[in-house]
Every structure is written in C-alpha cells, then in structure tokens.
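> Got a structure for you, written out below as structure tokens; questions coming shortly.
The values are calculated or read from the model by the stated rules, or taken from the named source; none is laboratory data. Just so it is clear, the structure is predicted and the values come from calculations on it, not from any experiment. When we count neighbours, we look across all protein chains shown, and the Cβ atoms used for this are built from the backbone with ideal geometry, even at glycine. Calculation scope for accessible area: heavy atoms of the full protein, side chains included, ligands and nucleic acids excluded. Shrake-Rupley method; radii C 1.70, N 1.55, O 1.52, S 1.80 Å.
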Amino acid sequence: MFSGLMLTAWESASIVAVVAGVVGFFIVLRGSAFAAHALPNGAFAGAAGASLIGVDAIAGLAVFSILGALTIAALGRRARHDVATALVIVVMLGLGSLFLSMTTEYAPEIYSLLFGEVLGVSSSELIPIAVIGVVAIAAVFLVYRPLMLSSVMPDVAEARGVGSTRMEVIFLVVVALTTTMAVPVVGALLIFSLLISPAAAARSFTNRPFTAMGLSVLIALGTVWSAIALAYLSNLPIGFFVGSIGALTYAAGRGWAGRQRNRGSTPRLGAPGRSAARAQST
Amino acid sequence: MVAFLSPLIEPGFFSNLPVQTALVVGGVVAVVSGIVGTFTVMRGQSFAGHSLADIGTAGGSAAFLLGISPLFGFVAMNLMAAGVMEWIGIRRPRGRDLATGIVLGAALGLAALFLYLDSTASSTTGATINVLFGSIFTLPSSMVPVIAIFSVVAAGIVLAMYRPLILSSISSDLATAQGVRVRLVGIGYLAALAVAVSLSAVTIGAILSTALLIGPAATALRLTNRPGRAAAFAAIIGVLATWLGVLLAYDSYYWFPSTGGWPVSFFVVTLIFVIYLASQIRFRARSGVQSRSTATEAA
C-alpha cells in the first residue's frame, strides 16, 4: 500500500488536497461553486485537445482552464455570472466532444480523465504538479487581504480601491491553476468535491478564517487519504469515496452547527463584518 | 427554393429516419428547455440546471446497471436530487449554489461507482461516453411518445403556476406580500427543472442540455424584458439552433468523411454561443447609441 507507484499516488494526492483545501475556502466564501465545477469540467476538453495534437495533457488543461477563467470574467461583466459560467462550460465541452470525435482514444482513458486515476500519476509528473500547486497557494496569500475583503464585503472593498472585477479575474485564474494540477490526479469531476465539501464543512465548525482554512486542508487531506486507502482495499473507483466522504463530512459539519445553534450557548462570533455580509447577501 | 438549398443540404437529409427522429425530438426538447430555461435564468439557477444534467448521470448509469431505460433513472435521480437541494435549502443565492455543489459532488461520486460497475459488468466501455455525452442520432424512434409525455409534464408545471412563478422569480418579497407561497412555487419549479433536464440530458446529452436551457433563454432575456415573450423567443432560438446544428452535423459527414463527421453537440453549442454574443453586440450598440444621444442632449 505504500510502495513504488502507491507512494507517488499518496504524494500527488496530498499536494492536491492541500491546495484544494486553501483555494476551496475562498470558493465557498465567495460562492463560486459553479466556476469551481465549470473550469475543471471544461479543462477536460483541453486535455482531449492536447492528446489530439500530441502535447502534454497538463499544457492542454492549463490553456483551457485559464482561457475559460478569463472568458467567464469577461462575459460576467455584462451578464449574470451564472449564465456566463454556464455558457463557457458548454462551449468548452462542445469543443471537447469535437476533439473526442477526432481521436481514437479509448473510453477508459476518457473515464480516467473525468474521474481521476491516482495510480496513473508518474513520479516525473509530481514536479509540475507541486510547482503549480505552490504558485496557486502563493497567489492566494499574496492577495490574501484584498481577496478576503472583496469576498466578504465587496462594497467596502470597492470603496477602498480593491476592484471586484480584478479580484474575480485573479481568483478565477487561481482556480484554473488548481484545476490544471488536480485534474490529472483526481479527475475533472471530483476535484470539485474536494474544493467544495471540506471547505464547506470547515466553515460549519468555525468562523475564523485561518482556523477554517487550516481545518479545510486537514479535512481535504483526511478525505483523500481515506479515499485512497478504501479504493486500494476495495478495488472500487476512488471518485466514489471522495464524493461520498465529502458529502458525509459536510453533513457532519451541518449537524454540529445545528446542534450548537439549538443549544444557543455560543453566540456565533464571526470575523468582523461577517454578519454585515450575511445581511447584504440575503 | 429546393434547388437553391440543395448545395446546403446533402442528399437524403429529410428521408433519413434517425435525422427525422433527431429533428422531432430536438425540436420538442428545445421548446421545453426554452420555456423552463427562461425562468432558470431569471431565478439565477443556472448552476442547478447544469448540475441536474450531471447528477442524472448517476441515475442513468444505475438504470443501465439494472437494465431499465436510462430516462427513468435520470428522472428518479433528479427529482431526488432536487428534493435534497431544497431540503439543505439555504435561502441566500450564494448558499444555494453551495447546496447544489454538495449534492453534485455526492452524485458524481455515485456516478463514478455506477459507471465503473457498468464497464466491468458489460465489456462495452462505451457506456460512459453514451451516458455523459448522449447522441441525438442514436435515439430509437420508439422513445418519441415517452419524451412527449415528459415534455408536457415539465411545460405543464411551469404553465400551471405561470403568474406566481414570474412574480416570485422577480422578487420573492413582493410575491410573499401578494400571498404567493414562494417556497411551494420554488419546489414546483425545481421539479419541472428536474424533469426538463432529465429529458434533455438523456436525449441530446448533458452538454446540449445545459446549452439549450441557458443559452437561448439568456439571449431572449437580452432582447425583451417580458417573461412570456422571452420564453417564446427562447423556444424559437433553441429550435432553430438545434435544427441547424443537426443539419450541419449531417452535412459534415460529407465534408469530413475521414473523421466520420463532426458531433451535433459541437455545432449546436457553437451556434447558441454565437447567437448569444450577437445579441450582446446588438445590446451594446443600442446602449452606445443611447449614451451618445444623452451626451449630445447634455451638450
């Protein structure tokens, strides 16, 4: 379980989990779940295109996810954000179906791009995955304060000169980078679970941003590790375990938060401005 | 007229049975998607609309495993998923997307399991691709009546609560003040969305399902502010894009014989996207003219 090929699997999945935990925290905070689903899913088309012209899959993923991020941001200025995202994902998938119709790729390989093939990661791929992951996390911490402000209180951020459009572009590019490194490992469909569920669960346990981020990373690591172990022991696809463990941790988080609220003993002390942000978005 | 069109339409287009089925089914699905989609865009529920197409994959692959028609698997799974989304039910738009995301994540996990079991149970690994991408050309014509019934159900739910739905989509506070039971309307609407999306995802694939639900409706809502008219525009745009896409895909078998033609979904999606962008340019040009005229007035 911990030798050779499996060791690479553990390493790559752990890197993905750490990045997903950090980036996921902001996705949940900003409510960008749709973009977090659309970019990996659409980037899948990029991987199909890359195999068509014989380039590395990571290059295809990077090009498509970053182009997708920029297009969502550009269209989102003039239309509702969810409409822009929906249009971008279908255009990318439409291209994907065109590329797939041209390749002679076998169905199982497409399946592994969609649902992930942790064991398919070779040790030479570890370095680009790690580098992109470090860049994504560094980008998040570089713009940490303005990003936090524009996520929680967009109006105040705007007044202080933090452009919400600019933050949106930067953030979507970070999601695109996360996509690029994560799709080869956990697949286009399941990176989404890993971005959403741990962060959403962590937010039910605490309102402090740093604690929530740390908890989100820990839950993501726990999810990935137990998913690999269970998949190894049961021979079932890893995606199934990532998806169901993610949903279970979220349910646990919600249950815990509900019980706390019913007890009424702890008033929910938020990060400053949390309640204002909540009042705003209702 | 026919002679004029003949260079555009390759031989045998209208006499080909799969093409006929594709035109009929595609047209019906485009109309239903246009009507339901107008409200999806107004309510800001594009993510739910798209997710249901992916979530249904889990139901579709489970049905494949059980040996029943994927359509029933899709509908059952989607109604359940819509129920869970509503039950997690967070009222804020941001929270609503999160609830959708959690359900989507769990369902994708199930889909991974069922598709894996499908491909081990039968040696045909094509199941994955079939369920995910669907193909309008491989529909058996015996499915047409079933599709018609589900279409009537989805469009019927929307039309039955037409006025309260419009009111609650524009402003839920206003609707509540008028005595509309907003939550009930929301549940009814999600059920209609679940049926409509199942229908389109099974027949024309998950990609086209979202494209037809959101694209024409978003375009129509740019052209008019009136919901009824927008729904009609959306249905027309959807039908035209689908039919033209089917025609182009059919023709492409003759243009690119080496690759066996290009997929319908590519053509339809591209057409829808181009139409959307064109409506945006028109919109921009008009608002540009307006701002110029106000500028001259000010001067």
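> Six or more apart or on different chains, Cβ atoms under 8 Å: show the pairs whose first residue is in the range A:248-264 and over 11 Å from A:F205 (Cβ atoms) and whose second is open to solvent by 40 Å² or more (accessible area, probe 1.4 Å).
Correct list of pairs: A:R261/A:R268.
> Could you please find all residues in the range A:230-252 being open to solvent by 40 Å² or more (accessible area, probe 1.4 Å) and not in a helix (DSSP H, G or I)?
If the condition is that a residue be open to solvent by 40 Å² or more (accessible area, probe 1.4 Å) and not in a helix (DSSP H, G or I), then A:N235, A:L236 are the ones that fit.
> Just the residues that are touching a Leu at 6+ places or on another chain (Cβ under 6 Å) and either open to solvent by 10 Å² or more (accessible area, probe 1.4 Å) or farther than 30 Å from A:G96 by Cα (or both), please, taken from the range B:190-205.
Hit for the range B:190-205 is B:V202, nothing else.
> Further question: Among the residues of the range A:220-229, which ones are open to solvent by 30 Å² or more (accessible area, probe 1.4 Å) and closer than 17 Å to A:G24 by Cβ?
Matches in the range A:220-229: A:G222, A:W225.
> While we're on this one: If you go through the range A:193-209 one residue at a time, do you hit one that is aromatic (F, W, Y) and farther than 30 Å from A:N262 by Cβ?
Scanning the range A:193-209 turns up no residue that is aromatic (F, W, Y) and farther than 30 Å from A:N262 by Cβ.
> Okay, next question. Show me the helices (runs of 4 or more DSSP H) entirely contained within the range A:119-209 in which 1 or more residues are within 20 Å of the chain's Cα centre (by Cα) and in contact (Cβ under 8 Å) with a residue 12 or more places away in the chain.
A:123-142, A:144-152, A:164-186, A:190-205
> (1) more than 14 Å from chain B (Cβ to nearest Cβ); (2) more than 19 Å from A:V224 (Cβ to Cβ); (3) in contact (Cβ under 8 Å) with a residue 60 or more places away in the chain; (4) of a type outside the set (K, R): which one isn't true of A:G21, the others all being true?
(2)
> From the list B:L159, B:L223, B:L174, B:L184, which one is open to solvent by 50 Å² or more (accessible area, probe 1.4 Å) and touching a Phe, Trp or Tyr at 6+ places or on another chain (Cβ under 8 Å)?
B:L223
> Output the residues belonging to the range A:212-264 that are touching a Phe, Trp or Tyr at 6+ places or on another chain (Cβ under 8 Å) and of a type in the set (G, A, S).
Listed by number, the residues that qualify are A:A212, A:S216, A:S226, A:A227, A:A231, A:G239, A:G253, A:A257.
> Quick one: which of B:F64, B:F47 is closer than 25 Å to B:A148 by Cβ and either out of contact with any Pro (no Cβ under 6 Å at 6 or more places or on another chain) or away from chain A (no Cβ under 13 Å) (or both)?
On inspection, the qualifying residue turns out to be B:F64.
> For the range B:234-257, enumerate the residues that are touching a residue at least 40 places away in the same chain (Cβ under 8 Å) and open to solvent by 10 Å² or more (accessible area, probe 1.4 Å).
B:A235, B:I236, B:I237, B:V239, B:W243, B:L247, B:Y250, B:Y253, B:Y254
> Can you tell me which condition B:P227 does not meet? The list is (1) within 10 Å of chain A (Cβ to nearest Cβ); (2) over 12 Å from the mean Cα position of the chain (by Cα), and all the others hold.
Here B:P227 meets the rest and fails (1).
> Take A:P198 and tell me if it is closer than 19 Å to B:G109 by Cα, at pLDDT below 85, surrounded by 15 or more Cβ atoms within 10 Å (Cβ to Cβ) and not charged (D, E, K, R).
No; evaluated as a whole, the condition is false for this residue.
> Considering only the range A:37-94, state which residues are over 20 Å from B:L213 (Cβ atoms), aliphatic (A, V, I, L, M), within 12 Å of another protein chain (Cβ to nearest Cβ) and surrounded by fewer than 24 Cβ atoms within 10 Å (Cβ to Cβ).
Answer for the range A:37-94, where residues must be over 20 Å from B:L213 (Cβ atoms), aliphatic (A, V, I, L, M), within 12 Å of another protein chain (Cβ to nearest Cβ) and surrounded by fewer than 24 Cβ atoms within 10 Å (Cβ to Cβ): A:L52, A:A74.
> Would you please name the residue that is nearest to the other protein chains (Cβ to nearest Cβ), looking only at residues in the range A:228-243 that are in contact with a Ser or Thr (Cβ under 9 Å, 6 or more places away or on another chain) and not aromatic (F, W, Y)?
So the residue we want is A:G243.
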